[in-house]
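A.B. asks: The structure's right below; bear with me while I get my questions together.
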Amino acid sequence: MKKINDTQKLVSVSLLFTLSLLIIRALYTNELTYFFYPWNLFLGLIPLFLSGLLVKQKKFNYKSIALFSVWLLFLPNAPYLITDIFHFEERPLVPQWFDLMLVVSGAWNGILCCMISLLRAEKFLSKTCPPNVVSKLMPVILLLCGYGVYVGRYLRYNSWDVVTEPFSIIKSSTHHIHYPFQNLNVWLFTFIFSFFLGIMYFTIKKLPRALFATGQF
């Protein structure tokens, strides 16, 4: 049996924490409130898994391009978990702080899967593209990810709808692009959420180097 690495251990502990809270809640209340989390967590793990395959690729070819495209398609499923905080509200039987820990840990899982996926993707791109291309591609990926979260949360599209309902998605996206001021909320969410992801990503990427460089914690 293949030994799991440190990254897999960290992700597993984080996921088990959220799922444990969910199970405890269900056993205590006999209710299935928040039981959308197992499915959403599974979807959030897909880009993490794909990025693990992607980072092993050594050059751009049909296989790596297809893998990168599918990874990018599923990437928004990870940060989408942040928006599940919208479901948080005070409910009977369970202390408010317990549900708060449940939804915040769920959001953290989404952030964790998203950040690791992005780091792996950038590592792959760094092996196959010039540095100036990589530096321009990463903000574009973050922007597309933010738009994907909007499409999933508010238009209720799933990643596989690109295959099952492509014309509907194209129609919606075309309308957003052609009439930006009529869809101001779309682009405000997209840019603000993408900028938020960017802050987290570049902080996680640069912070260890900055701390060890200065020797100050």
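A.B. asks: Can you tell me what percent of all Cα-Cα pairs in segment 1-140 are more than 24 Å apart? Working shown, then result.
C.D. replies: Values: 3848 of 9730 pairs.
That tail contains 40 percent of the Cα-Cα pairs.
A.B. asks: Would you list Tyr28, Tyr80, Tyr37 from the most to the least accessible area, probe 1.4 Å?
C.D. replies: Tyr28, Tyr80, Tyr37
A.B. asks: Which chymotrypsin sites (Phe, Trp or Tyr not before Pro) does segment 166-195 hold that lie in a coil by DSSP with at most 11 other beta carbons within 10 Å?
C.D. replies: Phe181
A.B. asks: On to the next question. On average, how much accessible surface per residue is there in the chain, in Å², for a 1.4 Å probe, leaving out ligands, DNA and RNA? Please report the intermediate quantities before stating the final value.
C.D. replies: Values: 13070 Å² over 217 residues.
On a per-residue basis, 60 Å².
A.B. asks: In segment 50-103, which trypsin sites (Lys or Arg not before Pro) are in a loop and have at most 12 other Cβ atoms within 10 Å, using DSSP for the loop call?
C.D. replies: Lys56, Lys58, Lys59
A.B. asks: Looking at segment 103-154, which trypsin sites (Lys or Arg not before Pro) are in a loop (DSSP not H, G, I, E or B) and have at most 11 other Cβ atoms within 10 Å?
C.D. replies: Those that pass, being in a loop and sparsely packed, number zero.
A.B. asks: Can you give the extra length, in nm with one decimal, that the chain gains between Ala210 and Leu100 once fully stretched, where that is 0.36 nm per residue apart less the Cα-Cα distance? Mind dumping the intermediate values first?
C.D. replies: On the way: separation 110, 0.36 × 110 = 39.60 nm, distance 3.22 nm.
This chain segment gains 36.4 nm when fully extended.
A.B. asks: Carbon and sulfur atoms: what percent of the 1.4 Å accessible area of the chain do they account for? Could the numbers behind the result be given before it?
C.D. replies: Details: 9290 of 13070 Å².
On the chain, the fraction of accessible area on carbon and sulfur atoms equals 71 percent.
A.B. asks: Under 25 Å between alpha carbons: how many lysine pairs meet that in segment 90-217, if sequence neighbours fewer than 8 apart on the same chain are excluded?
C.D. replies: Lysine pairs satisfying the spacing and distance rule in segment 90-217 number 8.
The values are calculated or read from the model by the stated rules, or taken from the named source; none is laboratory data. Remember, it's a predicted structure, so these values are computed and weren't measured experimentally. Counting neighbours? That spans all protein chains shown, and the Cβs are built from the backbone with ideal geometry, glycine included. Heads up: the accessible areas ignore ligands, DNA and RNA and are worked out on the full protein's heavy atoms, side chains in. Shrake-Rupley method; radii C 1.70, N 1.55, O 1.52, S 1.80 Å.
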